[in-house]
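Here's the structure we're looking at; comments come further down.
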Amino acid sequence: MVGAISGRDTLRFIAMKDKMEIDGVEVTFSEDETILEVAQRHQKEIPTLCYDPRLEPFGGCRLCIVELEGARNPVASCTTKATPGMIVRTSTDTIEAYRKTLLEMVVSENREVDVSPLRGYASGELATLRDKYEINGSHITGTTSGINKTDDDNPFILRDYELCISCYRCVRVCAEQEGDHAINVMNRGFHTQITTEFDGLLKDSACTFCGQCIQTCPTGALGDKKALRAADQVGDTVPEKTRTICPYCGVGCSVDVLTKNEKIVGIHPAMDGPANQGALCVKGQFAYDFVQHPDRLKTPLIRGDDGELHETTWEDALDKAADGFRKVNAEHGRHSIYGIASGRAPSEAAYLMQKFIRVGFGSNYIDNCSRA
Amino acid sequence: MSNPLVDMQKPDIIFCIGTNMTECHPVAATGLKKAVARGAKLIVADPRRIGLAEMSHLYLPLRVGSDTALLLGMAHVIAREGLIDEDFIQNRTTGFDAFFEHISQWTPEWAETITGVPAKDIETAAMWYGSANKGAIYYTLGITEHICGVENVQSLCNLALMTGNVGREGTGINPMRGQNNIQGAGDSGALPNNYPGFQAVTDPEHQAKFKAEYGREIDLEKGITKVTALELCGDSIHAMLIDGENTLLSDPDREHCEHALRSLEHLVVIDIFLTETAELADVVLPATAWGETDGVCTNTERRVQRMRAAVPPAGEAKPDWWIICQIAQRLGFNGFDFSEPKPIFDELCRVSPIYAGLDWERIDKSEYQWPVPHKEHPGTPRLHEESFVNGRGIFSNVHYRDPAETISEDFPVWLTTGRRLQSYHTRTQTGRAQGIDYLLPEESLEVNPADLEKWELADGEWCKMSSARGSINIKVKATNRSPRGTVFASFSFADVPVNLLTGSGYDPITHTAELKVCPVRLEPL
């Protein structure tokens, strides 16, 4: 049913009356915005590792610290709300030195920083920051902060916790974004371990294998096992991405299909997808390989005199398809032919299916698969 | 959905009925979880203790097929307690006085006798929903797949209308659509009663419009539904063109369905796999799949979005639109001279008032929710804000009806069917995705542990399940998700063809099958 029309919600205007200063420029902000959000809106590059804009600010990695006039120490911009009259400097020599030292410590904890881009949407974040801050080796000798869960034989989620930096993005995305609360934290300090209830397999936890933890992980400690099957082909190049809509339910989540050499190698959720805002489920995240499955129909088939289906050419199959409709129409009339359109194919297919019946036979003998 | 998906985080009171959203629409369910975390109260009515029920503040475990009775009981309480929205009723609706009279007889105590839900819980649900500032209703096939699907939906509309929970943020009546483009298929006119854009085929204005557009006379009366067509196969229906539907496995009463398709003189199936349905065809035409096809789909919140090809087609597969054009051209039909999808979608927009402001380029960023009546229009995230399309919202004086079949000495157990998180429909896709088997290797019948004992069945063993239409063998699984006397299975697995048993009846108006209710008998093997 169609009702009255109003677009006022799409044009919602948030009044920004309040003002503050960032790097010497006066800017406006709205209630509830953090310094980080205001700064990002004004194209300031503040490094972060524990930050995911979809989640509540955490303030764990401290990389987003900024100088705030009147405050004795730098503050984490992701957890500090903007207030009128604030004077903020996002990048000073002192701040950058702090950031570099923090990053050196983080990098020193990890077995490797350069990971395959197939591990996940955000898996290159740490390597990108390391390069930006020109960290080559480290004078800090750390220890790894997690133990790999090698006995988890699930086919989807790699649990390579030696690369974990305890940013808790996986814990928080599972709780806040998915509402599943499957991931927990055990111990503290260097012994911090991301795990599940009772330290078991994901399969035995509340995990639904939606893959959100993989996609938010900034180091690749959690990785997409299915995508990583193509790691050798892909190397360290980022695969091509094609924006489309998930093929499963009617929610219509936006996804980016990752391809290499004409093969689908994985799926990334689209963080700006209007229906999903970065969320996906196990089907949308992992059940894509039906497309290039060997069982796909690759040639037209027609039923032969022996009663079996045989491969044939398009010309032959289309002729036979048309001949059959022509014959039935001639013998039984136009109300003897029926069309069923697909709820899976694009609208162009459904539109032409109904046009085929209506233009061709002048009837309304058309339906789609929504009744079952 | 009357309201956009983003609204799911906004209600104070959420009423979910007949929707297993955490499994069937998991990403939409995340919105409800956020609302609950924010403090919204969740009411869940479902025969099974599904994931949503575990999250709920009030769970109403109703007997399968008793939804109308529950909703009448709730309407009674809302009226009795004076929780109606007088202004909304006055300004936006019609027929309330008769409805008020009608529901006076349907007390929650009466509803308890039908539904099995305690009257006091029905009262609480009604009080919560009736007192909500923003009350939102979500439903899926648990409401529609009944012989009384229409009455169920009307009953939900009654609740929303009497409380004014329509046309505002965080409210509405929100059916969750099940397939990626099932909304788009209806929008596009693949319906026996509507031209594209839901223009009724019986309206003289639309008849004249499409006669001019398509250059020929078209029947002035509605066509028959798929369900009727399958019944008439071999009798008056002799040829079918089926695009991308595994009718044999997805539809009720498989034997009837197979007999119907076999009795056709000519069956052409367009699909991406040789499905059980395609195996019966005279001609099978390979279509390009998702990921290989450029096109448009419309989601459950009426958002019109572009699908894009990422890889080349498998073998010689061709897009569905190309295949239909080729057959049409061979038959000498006019208007099938297309070489790409863009002009096809643009034609759909031109003939559909709800899409009139759209075209192939404008939907590139997924910004529009229909109706979009002209090019300057921003789209319509929320329906019914100022008025209803037919003017006023109409109250329906519905009555409860028993399911087509009820349990008996021969078939003493209620079977209800549905879907599971890890598999999709008849598994033509998820069954071929590596790793899914690790999570869901096989189908099993969910049975309450106490029933297992009573029926002398053992957890994990096979049993024979029979209905008035046939028998299948299925493994049983003990779980408290199933209440006493009701069992559940999905129809996804070809080796456990649950739809051999279903098909007891159909809604007389929509012809939707009563897939949610089927009396069965269980016996040890």
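The values are calculated or read from the model by the stated rules, or taken from the named source; none is laboratory data. Since this is a predicted model, take the numbers as computed values, not measurements. Because the Cβ atoms are built from the backbone with ideal geometry, glycine has one as well, and the counts that use them run over all protein chains shown.
For this structure, a couple of remarks:
- None of B:Arg427, B:Arg392 is among the basic types (Lys, Arg) and within 28 Å of B:Ala29 (Cα to Cα) except B:Arg427.
- Subset tally (residues that are outside any loop (DSSP other than H, G, I, E, B) and facing chain B (nearest Cβ under 7 Å)) for region A:264-287: 4
- B:Asn499 closer than 21 Å to B:Thr19 by Cβ, surrounded by fewer than 18 Cβ atoms within 10 Å (Cβ to Cβ) and touching a residue at least 60 places away in the same chain (Cβ under 8 Å): no
- For region A:288-304, the set of residues classified as out of contact with any Phe, Trp or Tyr (no Cβ under 7 Å at 6 or more places or on another chain) and part of a loop (DSSP other than H, G, I, E, B) consists of A:Tyr288, A:Asp289, A:Phe290, A:Gln292, A:His293, A:Pro294, A:Lys298, A:Thr299, A:Gly304, listed by residue number.
- With respect to the conditions (1) on the phi > 0 side of the Ramachandran plot; (2) out of contact with any Ser or Thr (no Cβ under 7 Å at 6 or more places or on another chain), B:Glu301 lacks only one, and its number is (1).
- Which numbered condition A:Gly70 fails, given (1) under 30 Å from the mean Cα position of the chain (by Cα); (2) not in a helix (DSSP H, G or I): (1)
- Selection within region B:326-358 - surrounded by fewer than 16 Cβ atoms within 10 Å (Cβ to Cβ) and either hydroxyl-bearing (Ser, Thr, Tyr) or not assigned by TED's automatic domain parsing to the domain that holds B:His206 (or both): B:Ser339
- Residues that are closer than 19 Å to A:Asp295 by Cα, in a loop (DSSP other than H, G, I, E, B) and more than 7 Å from chain A (Cβ to nearest Cβ), drawn from region B:234-279: B:Asn246, B:Thr275, B:Glu276, B:Thr277
- Residue list for region A:320-338, restricted to those being within 7 Å of chain B (Cβ to nearest Cβ) and not in a helix (DSSP H, G or I): A:Ile337, A:Tyr338
- In region A:165-216, the residue that is nearest to A:Asp151 (Cα to Cα) out of those that are touching a His at 6+ places or on another chain (Cβ under 8 Å) and either assigned to a loop (DSSP other than H, G, I, E, B) or not polar (S, T, N, Q) (or both) is A:Ala206.
Results for (1) in the same structural domain as B:Gly142 (by TED's automatic domain parsing); (2) in a loop (DSSP other than H, G, I, E, B); (3) touching a residue at least 24 places away in the same chain (Cβ under 8 Å); (4) within 30 Å of B:Gly391 (Cα to Cα), shown as yes or no for each residue.
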| position | (1), (2), (3), (4) |
| --- | --- |
| B:Ile43 | yes, no, yes, no |
| B:Arg48 | yes, yes, yes, no |
| B:Leu62 | yes, yes, yes, no |
| B:Leu70 | yes, no, yes, yes |
| B:Ala79 | yes, no, yes, yes |
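- Only residues that are part of a loop (DSSP other than H, G, I, E, B), aliphatic (A, V, I, L, M) and within 24 Å of B:Glu151 (Cα to Cα) were counted across region B:476-525, and they come to 3.
- Test for A:Glu162: is it surrounded by 13 or more Cβ atoms within 10 Å (Cβ to Cβ), out of contact with any Gly (no Cβ under 9 Å at 6 or more places or on another chain) and in contact (Cβ under 8 Å) with a residue 40 or more places away in the chain: no
- Residue match in region A:339-352 (condition: more than 8 Å from every other protein chain (Cβ to nearest Cβ), under 31 Å from the mean Cα position of the chain (by Cα), surrounded by 17 or more Cβ atoms within 10 Å (Cβ to Cβ) and at negative phi): no
- Residue list for region A:50-66, restricted to those being out of contact with any Lys or Arg (no Cβ under 6 Å at 6 or more places or on another chain) and surrounded by fewer than 22 Cβ atoms within 10 Å (Cβ to Cβ): A:Pro53, A:Arg54, A:Glu56, A:Pro57, A:Phe58, A:Gly59, A:Gly60, A:Arg62
- Of all residues in region A:351-367, exactly one satisfies the criterion of being in a loop (DSSP other than H, G, I, E, B) and either over 15 Å from B:Gln207 (Cα atoms) or among the β-branched types (Val, Ile, Thr) (or both), namely A:Tyr365.
- Within region B:132-155, not a single residue is within 15 Å of B:Ile43 (Cα to Cα), in contact with a Phe, Trp or Tyr (Cβ under 9 Å, 6 or more places away or on another chain), part of a helix (DSSP H, G or I) and in contact (Cβ under 8 Å) with a residue 60 or more places away in the chain.
- Residue list for region B:373-412, restricted to those being in contact with a Gly (Cβ under 6 Å, 6 or more places away or on another chain) and in contact (Cβ under 8 Å) with a residue 60 or more places away in the chain: B:Leu383, B:His384, B:Glu385, B:Phe388, B:Ile394, B:Phe395, B:Pro403, B:Ala404
- When B:Pro192, B:Pro196 are screened for being in contact with a Lys or Arg (Cβ under 8 Å, 6 or more places away or on another chain), modelled with pLDDT of 95 or more and either within 21 Å of A:Leu352 (Cα to Cα) or assigned by TED's automatic domain parsing to the domain that holds B:Arg303 (or both), only B:Pro192 passes.
- Long-range neighbours under 8 Å by Cβ, at least six apart or interchain, first residue more than 7 Å from chain A (Cβ to nearest Cβ) within region B:218-229, second assigned to a helix (DSSP H, G or I) and surrounded by fewer than 20 Cβ atoms within 10 Å (Cβ to Cβ): B:Leu220/B:Gln207
- Set B:Leu525, B:Leu457, B:Leu452, B:Leu439: member being free of Cβ contacts under 8 Å to residues at least 24 places away in the same chain and over 25 Å from the mean Cα position of the chain (by Cα): B:Leu439
- Only residues that are under 30 Å from B:Glu376 (Cβ atoms) and outside any loop (DSSP other than H, G, I, E, B) were counted in region A:11-67, giving 2.
- Look at (1) surrounded by fewer than 20 Cβ atoms within 10 Å (Cβ to Cβ); (2) assigned to a loop (DSSP other than H, G, I, E, B) and you find that A:Asn110 fails only one, number (1).
- Look at (1) facing another protein chain (nearest Cβ under 7 Å); (2) assigned to a helix (DSSP H, G or I); (3) surrounded by 24 or more Cβ atoms within 10 Å (Cβ to Cβ) and you find that A:Ser370 fails only one, number (3).
- Residues satisfying the stated conditions in region B:409-445, i.e. more than 14 Å from chain A (Cβ to nearest Cβ) and either surrounded by fewer than 19 Cβ atoms within 10 Å (Cβ to Cβ) or among the hydrophobic types (A, V, I, L, M, F, W, C) (or both): B:Glu409, B:Asp410, B:Phe411, B:Pro412, B:Val413, B:Trp414, B:Leu415, B:Glu442, B:Leu445
- In a residue-by-residue description of region A:264-276, the property of being without any contact (Cβ under 8 Å) to a residue 12 or more places away in the chain and surrounded by fewer than 23 Cβ atoms within 10 Å (Cβ to Cβ) applies to no position.
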